[in-house]
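S.K.: Below is a structure I'd like to ask you about.
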Amino acid sequence: MKIDPFHLIRSGWALLTEVPGWPSAPAWTRLRRAIPIALPAAALLVLAAWKVAYSDPGDRLGQAGRQPLLALEREVAALRLACTDRAAQDLKARASETARTLSSSPQGIDAALASLEREAVAQGWDAKFQPVNSRADASAKGAYVGCQSARGKLRPAAGNMRPWDTLLLLLDRVSARKQPIDLTHLAIRADEEGRTSVEVGLRISYLINNEAIAQ
Amino acid sequence: MISPPELENPAVPQAPAAPRAAGRSRGRRRSLLGIAWLGPSLDAAVFAGSSIQARWTAPAPVGSIEEFAAVLPEMLAALEFPGTETLLLLEHDQFIHRAEAAPSASESVARTYLRARVARHERECGEPVWCAQRMASARQDASFMLHLLPAAFFEHLNQVLAARGLDLARIHPLAVPLQLEIDELAAASEQPVLVAAEISGMTAILVGRSGNRPAFSRTIRASWADEPVRVGVEVNRSLLYAKQQLGTSVDRIRLLGRGPAVDAVRARCGGGREIQAEDPRPVAWLQAVARLAPGDPMNLVAGHLQGKRRKRLLRSGMAAACWLGLASLAVTIWSDQTVRRGERERFAAISARETVLRGDYGRLLLRDAAMRGEREFIQEAADRRLPPVPGRTLAYIAGLLPKGLRLSEFQVDWDSSASRWTFQAAGTIEGDEESSHAALENLQQQLERSPIQARFTEPPRTLTALPSPSNGPELFGFSMGGTLFEN
């Protein structure tokens, strides 16, 4: 269908401005007739244009400028929500407590072994512990905790009439120490004459990187 | 082009219609001003329902709209018409009646054809207001009578009436009351009737059956007083034409006029025909037409008024849409501004503590990094620990050893490469071979079901006889080994 745009414009203009029963109404009267439609339509257009061309772009620009600080605020809130300061303090305390149980020097390991010897003597056993291998071997790169191996030989002291019970007690004491000394090898041999010899292998954890707890 | 809402219905409504609402008062709404402007003669009457309230006849001929406008105040003063709705029964030089034979394929085809004819008329003579009257025909084609009134004439007339507060709601051609005359005259008969009316120097002729479409209508310039013979000839020619159209002869003639033309018609057409003569009665015609519904298809301005109503509705709709759109946009903008004001205020508050925020952010990042390290450290320290398996295993096995079984060797090792515990045990057991086997079997089962979950290597054990002391029980050496905490 062929549409005449001029006819459409004329029809629209007539619809907008036609005064019923007064086809030759003067321009001012026709314009007044158009006011109920033209006024809100014009206001609508002006407002829409202001919104699209001025208000919205300005707001978008402002929002873009504010975005970094708002993102920072969101990030801080998220970090606070993820973990409370109290939880962080508790974790730090646990880390410190763990660190305190670990030796941080060779002298500490030697002292721990000496302490074990004293403990064995107290339980009626003659003991000799000595470290084996180098300390650096036991730790991976970037690890916080390293391990030092040690060997020990024990024999019941003269007068120890309950070697079996005292050995079990001694092993329990070793396991119950706060300082992490783990038994990795236990060999007990009794000869025909009833003499008992015990060999033990130990693994002593020590602190090799204290950055984690130093912060 | 101002067009009727639809083509004429075959059945002309006979029931009196309610007058159009005028809007001034309840009493006024019932009133209708009927104006019969037939050639130069002008008659008017005020109707209230079906009764005539007042009537008026112009003292002088009224030919043009200017003359009409000039006598209108006198008419209104005489009639004291309180309403607005106006009916016009019109016969005028500018009011054209044109017979058209449209294709009879369908009603829509006929309508399209007629619209095309009107469009052609519009191109040649300007925009009309029009209606189409379906005519009866013995032939197959669809006959119509187009009644075409220049829109400019209508607008001018409407303007004159509107200036007096009158609403020109209906314009009917003279053919409408003449058809009603036929309906009244031949109500009980199906025989066709010819009606001829004198209209101020003109003669209107219409032939039709009661309650049916007219066969044809024509208006000729022939005065009943000055050209009686011509009137007689034209009436006779109309009778012959009607016979062709209807296929039957017209035996009844009604003459609405006086003068020598009546005698001329009797002389030329009277053979065997019933001829009645009466005075023209425009007010009665108006009264009959006033009974028709305002939306009657023979109302020239029905379509125009419908269009006006449509335009009014469209205007109202557009105005409502514009105002609603404006209100909606205003609310949206206000809402946006409120939200953005809130955002700006929040941003201002955040900006005021930007330094604190940045400090907090750095501190929190450090705290999180430290926590990560602390967690890893604690986890690593825990992972490095080994459970006290050797001591516990030794204690457990010592509790299970049956009488007569002695351990001479016991060994537990942590295999770091395979991450598992292994054990070896060896010793002696007293008793015969069978009981020794059973005791060791029992020990093995207990260790397998125990919390240390021992699993023995194949063969699970070896048993070798040892020299036993004199007079002592048999002595066997045994050894066993396997893994611990294996599922």
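The values are calculated or read from the model by the stated rules, or taken from the named source; none is laboratory data. These numbers come from a predicted model, not from an experiment. With ideal geometry, Cβ positions are generated from the backbone for all residues, glycine too; neighbour counts draw on all protein chains shown.
S.K.: When you look at A:Ala48, is it within 9 Å of chain B (Cβ to nearest Cβ), farther than 30 Å from B:Ala319 by Cβ and of a type in the set (Gly, Ala, Ser), yes or no?
M.R.: Against the criterion (within 9 Å of chain B (Cβ to nearest Cβ), farther than 30 Å from B:Ala319 by Cβ and of a type in the set (Gly, Ala, Ser)), A:Ala48 does not qualify.
S.K.: Can you pull out the residues in the range B:253-283 that are among the aliphatic types (A, V, I, L, M) and in contact (Cβ under 8 Å) with a residue 40 or more places away in the chain?
M.R.: B:Ile253, B:Leu255, B:Leu256, B:Ala261, B:Val265, B:Val283
S.K.: Restricting to the range B:387-414, and then to whatever is more than 8 Å from chain A (Cβ to nearest Cβ) and among the aliphatic types (A, V, I, L, M), can you tell me which residue is surrounded by the most Cβ atoms within 10 Å (Cβ to Cβ)?
M.R.: B:Ile397
S.K.: Could you check the range A:1-24 and list, in sequence order, the residues that are under 18 Å from B:Arg315 (Cα atoms) and within 11 Å of chain B (Cβ to nearest Cβ)?
M.R.: Once the filter is applied, which keeps residues that are under 18 Å from B:Arg315 (Cα atoms) and within 11 Å of chain B (Cβ to nearest Cβ), the range A:1-24 yields A:Ser11, A:Gly12, A:Ala14, A:Leu15, A:Leu16, A:Thr17, A:Glu18, A:Val19, A:Pro20, A:Gly21, A:Trp22, A:Pro23.
S.K.: Suppose we keep only residues that are at the interface with another protein chain (Cβ under 8 Å from one of its Cβ atoms) and touching a helix residue (DSSP H, G or I) at 6+ places or on another chain (Cβ under 9 Å) within the range B:302-317. Which one would you say is surrounded by the most Cβ atoms within 10 Å (Cβ to Cβ)?
M.R.: B:Arg315
S.K.: Might you let me know whether the range B:133-153 holds any residue that is assigned by TED's automatic domain parsing to the domain that holds B:Val71, modelled with pLDDT of 85 or more and among the acidic types (Asp, Glu)?
M.R.: So far as the range B:133-153 goes, no, none of its residues is assigned by TED's automatic domain parsing to the domain that holds B:Val71, modelled with pLDDT of 85 or more and among the acidic types (Asp, Glu).
S.K.: Out of the helices (runs of 4 or more DSSP H) lying entirely within the range A:1-99, which hold 1 or more residues that are under 24 Å from B:Asp336 (Cα atoms)?
M.R.: Per the criteria, A:27-50, A:56-82.
S.K.: Can you name the number of the only condition in (1) within 11 Å of chain B (Cβ to nearest Cβ); (2) surrounded by 11 or more Cβ atoms within 10 Å (Cβ to Cβ) that A:Pro57 fails?
M.R.: (1)
S.K.: When you scan the range B:324-373, how many residues do you find that are farther than 22 Å from A:Gly58 by Cα, within 8 Å of chain A (Cβ to nearest Cβ) and among the hydroxyl-bearing types (Ser, Thr, Tyr)?
M.R.: 1
S.K.: Another question, then. Can you work out which of the residues in the range B:240-261 that are part of a helix (DSSP H, G or I) and within 53 Å of the chain's Cα centre (by Cα) is surrounded by the most Cβ atoms within 10 Å (Cβ to Cβ)?
M.R.: My answer is B:Ala242.
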